[in-house]
Amino acid sequence: MKKTIHKADTRGLANHGWLKSYHTFSFASYQNPNRMNFGMLRVLNDDIVQPKMGFGTHPHRNMEIISIPISGALSHKDDINNQRSIEVGEVQVMSAGTGVTHSEFNDSKTTASNFLQLWIFPEKQEVTPYYNQKMFASAGRKNKFQTLVSPKDKQVEGSLPINQQGYISMIDLDKDFETEYELKNGAYFFLIDGEVSVADEVLENRDAVGIENVEKVSIKASKNSKLLIIDVPM
């Protein structure tokens with residue numbers, strides 16, 4: 001078993017006033033040669049967008065982009081005819097492929113929006129752009145793994161497809177609950193909230209551990225916890 005431990009306070013931070021962004025991996029002005037990616041996972045940004053602020057129209061190409069709201073909401077608009085709000089409990093997937101331009105904005109006048117943005121390298125370049133979002137019932141992840149995202153050619157029923165052999169899951173763990181996760185590739189465990197032990201590594205809020213070269217790992221929650229698992233080819 002190989003472990004890569006990333007404590008929350010070791011992440012890069014960009015504070016633009018309207019946006020506070022914590023970077024797990026090198027991104028924009030945060031460049032760390034030891035933190036470039038975890039396998040096909042290239043970006044994991046923990047973004048807090050202030051009320052009535054957001055990202056202006058900007059392009060993406062040849063990247064699988066997944067957004068997961070933690071609190072608040074974001075409005076999304078792109079050049080492939082999608083204009084929708086993304087709420088807590090939803091997941092958004094955008095395969096940029098040959099190219100997409102989009103904007104993201106916090107419409108609230110009073111409440112900041114916190115969301116995770118993941119970039120995963122695609123397995124095929126220059127695909128036709130694709131967009132979707134879906135609400136996932138919280139009951140589906142109560143002490144069990146809920147698959148949010150899966151490969152388009154091996155799509156898990158109810159999940160959103162991406163152009164890569166990657167799987168994104170979430171689990172809401174009750175205090176003292178124990179389980180095991182079976183890895184398909186390498187897996188990056190990012191603790192959104194709570195306190196858990198993953199393969200005997202204790203994680204607190206926003207800590208993470210990447211695990212490779214093992215078939216399954218043990219997980220135990222010492223508090224009520226929300227855990228995100230990003231399982232990607234290495």
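Read the figures in this text as sums done on the coordinates, not as results from a lab. Since we're looking at a predicted model, the values are computed, not measured. Don't worry about glycine lacking a Cβ; one is built from the backbone with ideal geometry, like all the others, and counts go over all protein chains shown.
The table for this structure:
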item: Some residue of region 104-126 being in contact with a Phe, Trp or Tyr (Cβ under 6 Å, 6 or more places away or on another chain) and either in a strand (DSSP E or B) or under 25 Å from Thr147 (Cα atoms) (or both); result: yes
item: Residue list for region 33-44, filter: farther than 12 Å from Trp119 by Cβ and touching a Gly at 6+ places or on another chain (Cβ under 7 Å); result: Gly39
item: Members of region 193-234 that are exposed (fewer than 15 other Cβ atoms within 10 Å of the Cβ) and among the aliphatic types (A, V, I, L, M); result: Val202, Val214, Met234
item: Strands (runs of 3 or more DSSP E) (entirely within region 1-103) containing at least 3 residues that are buried (at least 16 other Cβ atoms within 10 Å of the Cβ) and of a type in the set (A, V, I, L, M); result: 41-49, 64-71, 90-95
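The rows are residues; the columns are (1) surrounded by 15 or more Cβ atoms within 10 Å (Cβ to Cβ); (2) out of contact with any Cys (no Cβ under 8 Å at 6 or more places or on another chain); (3) more than 25 Å from Phe38 (Cβ to Cβ).
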position: Lys124; (1), (2), (3): no, yes, no
position: Val127; (1), (2), (3): yes, yes, no
position: Ala137; (1), (2), (3): no, yes, yes
position: Phe145; (1), (2), (3): yes, yes, no
position: Val149; (1), (2), (3): yes, yes, no
position: Asp153; (1), (2), (3): no, yes, no
position: Glu157; (1), (2), (3): no, yes, yes
